[in-house]
Amino acid sequence: MQFNRMANYVKLSTSEKPSLTVPSIGAILARHYGVCMLSCQKLNGYEDYNFRIKVESTGNNGKEACCHGYTFKVLNKRNSQNTKYIEAQHEMMSLVYGSGILTPRVLPTLSGHLYLTVNLPVEGSEDIDAPYLVRLFEYVPGTIIQSVPLTPGLCYKVGVVAGRVDTALKGFDHPGFHGNEVDIWHLNNVTLILGLLHVVDDRGDREMISDVIKAFESRVLEHLDEFQQGITHGDFNDGNILVTQATDDDRWKDVHDVSAILDYGDSAYQPYIFEVAIAMTYMSVLSDSIPPQTASGYVLAGYLTQNDLSDREIDVLKICVCARIAQSLVIGVYTYHVDPSNDYTLTTAKEGWPRLRQLWKMDTEELVSEWRNIASSCKEKLAAV
């Protein structure tokens, strides 16, 4: 049953890809947005299809174009079916943007809609068309965090922004976040990866992941109602965080500062510990010059300045982090197994496996104590600035 649900999810997300050409994209933009495309560059994407678009300065819509261009996003077949969820994302993004956190802004069509469904040829079956949901966003300039050296100060800033997002969304809800088809990327569905462990070659790794998921199920999933919950971004990974040059008065004396948060496609109503754990996960995986427990500790320290967590919630963060690493690794391997043309799905694999082995072996009490010490030292350091 688990395998069937996961396999169907991945199949719907990766099969029946739209056949997109530069002329076809240009035609959609001209007809529905009134802009004249000058260039089109394909961007990385896990399940959806993203293109950076540059257009003439003024289009048929009479409005001045965004100076940085646009991101043209085509959702996969599965995501294209859930328009209520897309509407919920748009409201969420507007609130986050209004709180002072830079996030992509969706451009309405000529008819005033924030998305539209278009019939496109299916790749490999050019005589068959299928409906896909498309949107156009203002392109947000910056450098993804995975392209710059990771420092404790930058990890702290990631935590701060994650906390600010969650705080900005407190009190917000939308029907589109509830009653949806199971999303395998939401942490409360992580047990589903047990049905995909056959794609993991190493027996020891399979056993480790099984142990992680069992611990997550008994320590976290069976106690969800004991944790604070709200609408969250849901995917603070290293490809969704942009950085720019830090100002001269940066309190951390860092070269970079977090400038924007991208991709709200995995947003969800869920425990806040999942939000911070996901951010801790990807900074731990990304860290090569600082230990993963240090990187994750600074993320947590930053988050706690914006959103309080109980001792009980902090105590289960190690399990949540390990569960997210396991989820990313297994889904990535299986998705590549289904669609070998997209090696972007293996992004986490190189450093993810050694990080998971390392963190899972750590004594939980000692790790939590180290995290608390980092949070205390950050308070003292910043209070002295």
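For the stretch 85-210, I need the span (max minus min coordinate) of the C-alpha atoms along each principal axis, in Å, sorted largest to smallest.
Computed over the Cα atoms, the extents are 56, 50, 33 Å.
Mind pulling the angle between the C-alpha long axis of helix 292-304 and the longest principal axis of the chain? Nearest 10 degrees, somewhere in 0 to 90.
The answer is roughly 80 degrees.
Roughly how far apart, in whole Å, are the Cα centres of the stretch 247-296 and the stretch 159-236?
Rounded to whole Å, the Cα centres lie 17 Å apart.
Test of understanding: what is the full-extension gain from Ser125 to His337, defined as 0.36 nm times their sequence separation minus their Cα-Cα distance? Intermediate results must be reported in sequence, preceding the final value.
Values: separation 212, 0.36 × 212 = 76.32 nm, distance 2.14 nm.
Extending this stretch completely gives an extra 74.2 nm.
Considering only protein heavy atoms, what per residue accessible area in square angstrom results for the stretch 243-364 with a 1.4 angstrom probe? Could the numbers behind the result be given before it?
Numbers: 4470 Å² over 122 residues.
So the stretch 243-364 comes to 37 Å² accessible per residue, rounded to a whole number.
So for Asp48, Asp308, Asp248, what's the accessible-area order with a 1.4 Å probe, most first? Don't jump to the answer; show the numbers that get you there.
Working: Asp48 30, Asp308 115, Asp248 150 Å².
Ranking Asp48, Asp308, Asp248 by accessible area, largest first, yields Asp248, Asp308, Asp48.
So what is the calculated 222 nm ellipticity per residue for the chain, using -39500 (n - 2.57) for each DSSP H run with n of 4 or more, over all residues, to the nearest 500 deg cm²/dmol? Write out the running numbers ahead of the final one.
Details: 11 runs with 164 residues, N = 385.
Theoretical 222 nm ellipticity from helices: -14000 deg cm²/dmol.
How large, in percent, is the carbon and sulfur part of the accessible surface of the chain at a probe radius of 1.4 Å? Don't skip to the answer; put the middle values down first.
Numbers: 8100 of 16960 Å².
Result for the chain: 48 percent of the exposed heavy-atom area is carbon or sulfur.
Once the Cβ-Cβ distance between Asn188 and Ser147 is put in as r, and R0 is 30 Å, what FRET efficiency do you end up with, to the nearest 0.05?
Details: r = 31 Å, r/R0 = 1.04.
With a Förster radius of 30 Å, E is 0.45.
Given Lys170/Lys253; Lys54/Lys253; Lys157/Lys379; Lys63/Lys170, which pairs have Cα atoms separated by over 24 Å?
From Lys170/Lys253; Lys54/Lys253; Lys157/Lys379; Lys63/Lys170, over 24 Å: Lys170/Lys253; Lys54/Lys253; Lys63/Lys170.
Quick one: 3J(HN,Hα) in Hz for the stretch 239-252, Karplus 6.51/-1.76/1.60 with θ = phi - 60°, rounded, Gly and Pro as x.
x, 10, 10, 9, 10, 9, 4, 6, 6, 5, 9, 4, 5, 8
Kindly provide the GluC sites (Glu not before Pro) of the stretch 137-223 that DSSP labels as loop, not H, G, I, E or B, and whose Cβ sees at most 16 other Cβ atoms within 10 Å.
Working: sites: Glu138, Glu181, Glu207, Glu217, Glu222; in loops: Glu181.
Passing sites in the stretch 137-223 are Glu181.
Could you calculate the contour length gain from Ser218 to Cys67, that is, 0.36 nm times the residue separation minus the distance between their Cα atoms, to one decimal place in nm? Kindly include the intermediate steps, with their values, before the conclusion.
Values: separation 151, 0.36 × 151 = 54.36 nm, distance 5.08 nm.
Roughly 49.3 nm would be gained on extension.
What are the ³J(HN,Hα) values, in whole Hz, obtained from phi via the Karplus relation 6.51 cos²θ - 1.76 cosθ + 1.60 with θ = phi - 60°, for each residue of the stretch 322-331 in sequence order, with x given for Gly and Pro?
Ordered by residue, 3J(HN,Hα) equals 5, 5, 5, 4, 4, 4, 5, 5, 5, 5 Hz.
Could I have the simple spin-label model distance between Lys84 and Ala30, label points 7 Å from Cα toward Cβ, reported in nm to one decimal?
The two pseudo-label positions are separated by 3.8 nm.
Give me a comma-separated list of calculated 3J(HN,Hα) values for the stretch 346-351, in order, Karplus coefficients 6.51, -1.76, 1.60 applied at θ = phi - 60°, integers in Hz, x for any Gly or Pro.
9, 3, 6, 4, 4, 9
Rank by packing, highest mean first: peptides 352-361, 271-280, 139-148, with packing defined as the count of other Cβ atoms within 10 Å averaged across residues.
Values: 352-361: 17.7, 271-280: 27.7, 139-148: 16.2.
The peptides rank, most packed first, as 271-280, 352-361, 139-148.
Build a GNM of the chain with springs between Cα atoms under 10 Å: which of Val122, Val285, Val316 gets the top mean-square fluctuation?
It is Val122.
Between Leu346 and Asp211, what is the label-to-label distance in nm when each label sits 7 Å out along the Cα-to-Cβ direction?
In this crude label model, Leu346 to Asp211 measures out at 2.7 nm.
Using a/c under 1.5 as the rounded threshold, could you call the chain rounded, prolate or oblate? The axes a ≥ b ≥ c are square roots of the C-alpha gyration tensor eigenvalues, and prolate needs a/b larger than b/c, oblate otherwise.
Details: a/c = 1.85, a/b = 1.31, b/c = 1.41.
It is oblate, given that a/c is not under 1.5 and a/b is not larger than b/c.
Which of the GluC sites (Glu not before Pro) found in the stretch 28-82 are loop residues per DSSP with 15 or fewer other Cβ atoms within 10 Å of their Cβ? Kindly include the intermediate steps, with their values, before the conclusion.
On the way: sites: Glu47, Glu56, Glu64; in loops: Glu47, Glu56.
Loop-located and lightly packed - Glu56.
With label points built 7 Å along Cα→Cβ from the Cα atoms of His113 and Glu138, find their separation and express it in nm.
With each label point 7 Å from Cα toward Cβ, the separation is 2.3 nm.
Which residues in the stretch 267-304 have a backbone N closer than 13 Å to a point placed 7 Å from the Cα of Leu382 along the Cα-to-Cβ line?
Backbone N within reach: 298-304.
When ranked by the protection proxy of mean other Cβ atoms within 10 Å per residue, highest first, what sequence do the peptides 294-304, 33-43 form?
On the way: 294-304: 27.3, 33-43: 16.6.
Result, highest mean Cβ count within 10 Å first: 294-304, 33-43.
Quick one: dipole size for the stretch 287-385, taken about the Cα centre, charges +1 on Lys/Arg Cβ and -1 on Asp/Glu Cβ, in debye to the nearest 20.
Working: 10 positive and 13 negative charges, 20 e Å.
I would put it at about 100 debye.
The values are calculated or read from the model by the stated rules, or taken from the named source; none is laboratory data. In this text the structure is predicted, and so the values were computed from the model without any measurement. We place every Cβ from the backbone using ideal geometry, glycine too, and count neighbours over all the protein chains shown. We work out accessible area using only protein heavy atoms, side chains counted, and drop any ligands, DNA or RNA first. Shrake-Rupley method; radii C 1.70, N 1.55, O 1.52, S 1.80 Å.
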